[in-house]
């Protein structure tokens, strides 16, 4: 394995987001079958009762469908052409399940375990710090913030809270390219994906924030009752597979392709070269 870590490489977030938008028609043409099936799985609860054993089966089927769709979209995202995506295992209409899906699933498990451990440590730190602060619980309940405690304690707790929130956000940002890397490198990439984003963390965070706007916005509209739950779920069944997922995976794939420095030993690196 050859590592050519080019320090001058920086992520162009505008280009990544533009590539995400441009990828939507391509995804519809090349992954139509799996995206249509994903829509049906998402819309199923609107017309069928999914409770008990049926609910469990539906949940497992939905997870597997989403995994196949994500594998399909990342194959398209890290490739220049459909032919290259087919070399990575792309099936007709995006219907396939192979090594790429297994790598994404296993990488997800490893990352979730890592984030879970970090979350437990941060939770213990928060409990210890807030416990030692000895704030006035009655004042907190009454929202009398001036009586909660000394100002220096509140400032210290604000810093600790910022760190507790910021550390997971930083880690998730640095790990967000693992799926694209796992597909393109043809091996499971998990924690080592953090090296790819070196030097471009803020730009990548900006890309992730834009990616999150769609589902978060739709969720807030449903939560606030501005659109009914059945209508929101119906919109999600179309929006997620056909618009949001192709956009998100292609934007992350573009970010990965801009930042990738890894080439297989002795290989031509056609899936890993700098494509700027």
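With the simple model of a label 7 Å out from the Cα in the direction of the Cβ, residue 128 to residue 80 spans 5.3 nm.
Within segment 178-214, name every residue whose backbone N is under 15 Å away from a label modeled 7 Å from Cα of residue 235 along the Cβ vector. Under cut-off, by backbone N: 213-214. Computing Rg and the Kirkwood Rh from the Cα coordinates of segment 2-263 gives a ratio, Rg/Rh, of 1.04. Consider a paramagnetic label point 7 Å from the Cα of residue 33 along Cα→Cβ; state which residues of segment 65-90 have an amide N under 17 Å from it. Of the residues in segment 65-90, 65-76, 82-83, 85-90 have backbone N under 17 Å from the label point off residue 33. Shown is the FRET efficiency for residue 22 and residue 227, computed with R0 = 30 Å from the Cβ-Cβ distance and rounded to the nearest 0.05: 0.55.
In terms of the mean number of neighbouring beta-carbon atoms within 10 Å, the peptides 184-195, 159-170 order highest first as 184-195, 159-170.
Centroid-to-centroid, using Cα positions, segment 168-217 and segment 101-134 are 17 Å apart.
Here r is the Cβ-Cβ distance between residue 12 and residue 120 and R0 is 25 Å; the resulting FRET efficiency, rounded to 0.05, is 0.10.
Bear in mind that the values in this text are calculations on the coordinates, not laboratory data. Keep in mind that this is a model prediction, so the values were computed, not measured. All Cβ positions, glycine included, derive from the backbone under ideal geometry; neighbour counts span all protein chains shown.
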